[in-house]
1. Which one is farthest from Phe257 (Cα to Cα) among residues in segment 115-172 that are without any contact (Cβ under 8 Å) to a residue 60 or more places away in the chain, of a type in the set (Ser, Thr, Tyr) and touching a Gly at 6+ places or on another chain (Cβ under 9 Å)?
2. Can you pull out every residue in segment 215-252 that is polar (S, T, N, Q) and either over 12 Å from the mean Cα position of the chain (by Cα) or surrounded by fewer than 15 Cβ atoms within 10 Å (Cβ to Cβ) (or both)?
3. Determine whether Ala256 is under 25 Å from Ser38 (Cα atoms) and touching a Pro at 6+ places or on another chain (Cβ under 9 Å).
4. Return the pair list, or none, for Cβ contacts closer than 8 Å from residues in segment 57-74 that are among the β-branched types (Val, Ile, Thr) to residues that are in a helix (DSSP H, G or I), at least 6 apart or on different chains.
5. Among the helices (runs of 4 or more DSSP H) contained in segment 31-127, which hold 1 or more residues that are among the hydrophobic types (A, V, I, L, M, F, W, C), farther than 17 Å from Ala156 by Cα and in contact with a helix residue (DSSP H, G or I) (Cβ under 7 Å, 6 or more places away or on another chain)?
6. As an exercise: evaluate Tyr137 against (1) more than 27 Å from Arg17 (Cα to Cα); (2) among the aromatic types (Phe, Trp, Tyr); (3) surrounded by 15 or more Cβ atoms within 10 Å (Cβ to Cβ) and give the number of the one condition it does not meet.
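No lab work stands behind these numbers, since they all come straight from the coordinates. Values in this document were obtained by computation on a predicted structure and should not be read as measured data. Positions of Cβ are backbone-derived with ideal geometry, glycine not excepted, and every protein chain shown enters the neighbour counts.
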Amino acid sequence: MDAITTKEVERPLSAFRLQGKVALITGGGGRIGRETASRFLREGAQVGLVDIDAEALRAAEIFLVSESQAQAQAQSQSETVAQDRILTIVGDVTSERDVEDATNSTKRKFGRLDIVFLNAGVSYTATSLFDTKEEDYERVMRLNVKSAFLGLKHAAKVMRDMGNGGSIILTSSIAGLRGTPGLILYSGSKFALRGLALTAAGELGQYGIRVNTIHPSGVDTPMFRNAWSAEKLDELKAGMPLGRFARVDDVSSVVAFLASDDSKFMTGGFLKVDGGCVSF
């Protein structure tokens with residue numbers, strides 16, 4: 001049995017848990033994507049962001065550079081190198097060629113790939129089963145499930161070939177833990193991510209690659225608010241034991257934990273980020 005040595009106990013905890021690590025984030029132009037990128041940068045990582053929306057990516061890059069400059073000023077540093085630690089990639093995460101190019105481009109730019117946050121996805125306005133169309137199925141499953149499958153496949157391939165292990169995190173939802181009337185396709189797609197993650201965790205553990213899912217409740221973003229009526233939003237908020245919807249930093253902090261060695265013995269797991277609204 002391995003024992004923790006006195007030397008390990010006395011070693012100070014790092015304030016930069018991701019120092020020297022390289023991360024790739026899909027859906028990087030969205031609020032959760034860019035907030036997680038900001039958290040990764042603050043923890044010392046270099047970050048690639050991929051999104052199909054070039055304008056959103058550019059806005060995310062401006063935001064990240066501005067955040068870095070503000071942090072440098074607060075710490076009385078004369079300069080910041082954040083822009084050198086950011087790579088933006090315009091790509092379609094449902095295209096295998098684009099996903100492969102994004103993973104390889106990130107590795108070429110920074111020399112390695114340690115963390116992949118598969119965060120791209122889509123929701124829709126709550127609709128009954130009877131009014132849900134076949135084209136809705138194709139769109140939701142393509143963006144939520146196919147993109148995650150492709151991301152897993154190509155991230156794992158790069159990590160396996162490098163031989164350094166890695167952490168892959170998938171954004172599921174509390175809708176991937178319980179039925180969600182009105183969002184049958186969204187719920188089905190988010191349940192599918194658990195199957196992908198569990199199976200990948202079993203296959204990839206031999207390479208030191210960990211795979212976990214996070215399950216946020218409603219994160220206060222435009223995508224979430226557009227899915228529900230004002231009355232339903234009030235009802236959902238009333239059911240939150242912590243009295244509010246999740247914020248983007250509630251999610252990014254959990255992702256940073258799963259990306260770091262603080263979670264080095266966790267794989268195949270699921271973490272609720274739900275303010276207590278789902279109880280088992």
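1. Going through the qualifying residues, I end up with Ser128.
2. Within segment 215-252, Ser217, Thr221, Asn226, Ser229 meet the criteria.
3. Considered against the rule, which asks whether it is under 25 Å from Ser38 (Cα atoms) and touching a Pro at 6+ places or on another chain (Cβ under 9 Å), Ala256 comes out as no.
4. Partner pairs satisfying both residue conditions: Val65/Ala82; Val65/Gln83.
5. Passing ranges, in order: 31-42, 54-74.
6. (3)
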